[in-house]
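The values are calculated or read from the model by the stated rules, or taken from the named source; none is laboratory data. Here the structure is a predicted model, which means the values were calculated and not measured. Quick reminder, even Gly has a Cβ in these numbers, built from the backbone with ideal geometry, and neighbours come from all protein chains shown.
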Amino acid sequence: MTKPRDPAAPITDATRVVQAGRREEWTQGIVNPPVWRASTILYDDVADLRANARRDTTHRLFYGRRGTPTQWSLADALTELEPGAEGTLLYPSGVAAIATALLAVLSPGDEVMIPDSAYDPTRSIGNGILKRMGIATRFYDPLVGAGIADLIGPATRAIFMESPGSLTFEVQDVPAIVAAAKARGIVTLLDNTWATPLLFPAIARGVDYTILACTKYVVGHSDVMLGSVTAGPGRFEALRSATYQLGQCVSPDDAWLGSRGLRTMKLRLDEQGRSALAIAEWLKRRPEVARVLHPAMPDCPGHEVFARDFAGPAGLFSVVLRGGSDAGRVAMIDGLAHFGIGYSWGGYESLALPIDPQHYRTVTQWKAEGPMIRLQIGLEDTNNLIADLEAGLARFTAAG
Ligand SMILES: *Cc1c(COP(=O)(O)O)cnc(C)c1O
């Protein structure tokens, strides 16, 4: 903003996503923070170079890897969306953000707890690089809630959460888990990609590190890979140190597209959530459907926690079909006119994905009444999507 903001003016999230991160010294009056490209930063003289090296460089031109106003603007905007947060850093993907946050808080001999419903690449970090470094991973029931206190062991250093879970959408009792962790001095991390700070401001709920695959709703247009970690009070320095040592940085062009996407994130999330819920409710009434796993619907494990803690629905959910076969599921998905088939989500276009979550579990069992499909609802007309799914369900049934 060119004009200084009146700090007393009332501001809610709809206004904040439009204004956040647009500091005048970075935009110079331009509406969108411009793309500042840099590797080398030139100094006036040796004294200037030496003085700069002694200063805090998080928001000061130092060397390209530490970013320019383009990256700082997006990082700052994400911090502003998390009341109480200390700072945000950006990563080249959501997985890079998760891996770096875990490496920032864990040391050999430590144990980290990860929910059994976690995104599979997150499980792989635990079973792969962390294990190799002598850090143990204990998977836990995502619905354990306050019962997590009984699972915490002497080596437990961090509790990772993902709410709702990938594929199966269990909503975790984040406040209860955070309370149990705080009582034992344990660090908490949350993959908040589904809700974003707009539906679940995690730092205000006591989470120490909240992580976004910005690839999804922040970017919103399925054309950039990007991740972020936002640190709670007193937690930024450990993250900054690990991030710098690992050489993590993102291109200014990608950060700029992230900022551009952010401006419409509330509008997209509201509309995609509304349309997804209408479609989920329609599906729930269909005889071919056993359960609809959308956190805003009673079928979904943890629905009561969702109703208590979240500001609204997002646009991604799963459907459990009744009986039938994989061939029926394939016929349904392959024939859809308006749904793409692919990974990722959070863009403006609808997607359908066959999922088999039972293969990923180790400490809980996943049982389903039939094949499952995950749907990402985009900005297409809701009734067009429903008609497409209706024809798809007919193909599912016909295939037997
Ligand atoms: C996609 C996704 C990630 C990883 O993000 P990338 O940018 O694809 O690396 C992490 N967590 C969740 C819940 C995701 O859906």
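One residue alone among D6, D13, D48 is more than 29 Å from Y209 (Cα to Cα), among the charged types (D, E, K, R) and either in contact (Cβ under 8 Å) with a residue 60 or more places away in the chain or not assigned by TED's automatic domain parsing to the domain that holds L257 (or both), and that residue is D6.
In the range 346-365, what residues are of a type in the set (D, E) and either farther than 25 Å from S325 by Cα or not assigned by TED's automatic domain parsing to the domain that holds L393 (or both)?
Our first condition is that a residue be of a type in the set (D, E); within the range 346-365, this holds for 349, 356.
Of everything in the range 346-365, just one residue is of a type in the set (D, E) and either farther than 25 Å from S325 by Cα or not assigned by TED's automatic domain parsing to the domain that holds L393 (or both), namely E349.
Just to be sure, is R22 in a helix (DSSP H, G or I) and either surrounded by 15 or more Cβ atoms within 10 Å (Cβ to Cβ) or touching a residue at least 60 places away in the same chain (Cβ under 8 Å) (or both)?
Against the criterion (in a helix (DSSP H, G or I) and either surrounded by 15 or more Cβ atoms within 10 Å (Cβ to Cβ) or touching a residue at least 60 places away in the same chain (Cβ under 8 Å) (or both)), R22 does not qualify.
To keep it simple, each residue is scored yes or no on (1) under 30 Å from I177 (Cα atoms); (2) assigned by TED's automatic domain parsing to the domain that holds I186; (3) under 16 Å from the mean Cα position of the chain (by Cα).
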site	(1), (2), (3)
C214	yes, yes, yes
G234	yes, yes, no
Y244	yes, yes, no
A276	yes, no, no
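Inspection of the range 114-136 identifies at least one residue that is in contact with an Asp or Glu (Cβ under 7 Å, 6 or more places away or on another chain) and surrounded by fewer than 21 Cβ atoms within 10 Å (Cβ to Cβ). When I159, I177 are screened for being closer than 27 Å to M372 by Cβ, in contact with a strand residue (DSSP E or B) (Cβ under 7 Å, 6 or more places away or on another chain) and either in a loop (DSSP other than H, G, I, E, B) or more than 16 Å from the ligand (Cβ to nearest atom) (or both), only I177 passes.
Among what's in the range 143-157 and is aliphatic (A, V, I, L, M) and either farther than 15 Å from T364 by Cα or free of Cβ contacts under 8 Å to residues at least 40 places away in the same chain (or both), pick the residue that is surrounded by the most Cβ atoms within 10 Å (Cβ to Cβ). By that ranking, first place goes to I148. P121 is checked against (1) under 17 Å from the mean Cα position of the chain (by Cα); (2) of a type outside the set (K, R); (3) assigned to a loop (DSSP other than H, G, I, E, B) and fails just one. What number does that condition carry? Answer for P121: the failing condition is (3). When you look at L167, is it within 13 Å of the ligand (Cβ to nearest atom), touching a residue at least 60 places away in the same chain (Cβ under 8 Å) and surrounded by fewer than 24 Cβ atoms within 10 Å (Cβ to Cβ), yes or no? So L167 fits the description; yes. Residues in the range 259-288 that are touching a strand residue (DSSP E or B) at 6+ places or on another chain (Cβ under 6 Å), free of Cβ contacts under 8 Å to residues at least 40 places away in the same chain and either among the aliphatic types (A, V, I, L, M) or surrounded by 23 or more Cβ atoms within 10 Å (Cβ to Cβ) (or both): A280 only.
So how many residues does the range 215-229 have that are farther than 22 Å from L106 by Cα and either near the ligand (Cβ under 7 Å from one of its atoms) or free of Cβ contacts under 8 Å to residues at least 24 places away in the same chain (or both)?
Residues that pass the stated criteria total 4.
I'd like to check something: does the range 114-125 contain any residue that is in contact with a Ser or Thr (Cβ under 6 Å, 6 or more places away or on another chain), more than 19 Å from A176 (Cα to Cα) and of a type in the set (G, A, S)? Looking for residues that are in contact with a Ser or Thr (Cβ under 6 Å, 6 or more places away or on another chain), more than 19 Å from A176 (Cα to Cα) and of a type in the set (G, A, S), one finds none in the range 114-125, hence no.
Filtered by the rule that a residue be within 13 Å of the ligand (Cβ to nearest atom), assigned to a loop (DSSP other than H, G, I, E, B) and of a type outside the set (G, A, S), the range 182-199 gives N192, T193, W194.
Name the residue that is surrounded by the fewest Cβ atoms within 10 Å (Cβ to Cβ), counting only residues in the range 80-111 that are in a strand (DSSP E or B) and within 16 Å of the ligand (Cβ to nearest atom).
Top of the filtered list is T88.
Here F139 does not fit the description of being aromatic (F, W, Y) and crowded, with 24+ Cβ neighbours inside 10 Å.
The condition (being at pLDDT below 95, within 23 Å of the chain's Cα centre (by Cα) and under 26 Å from R138 (Cα atoms)) is satisfied by just one residue among Q358, Q365: Q358.
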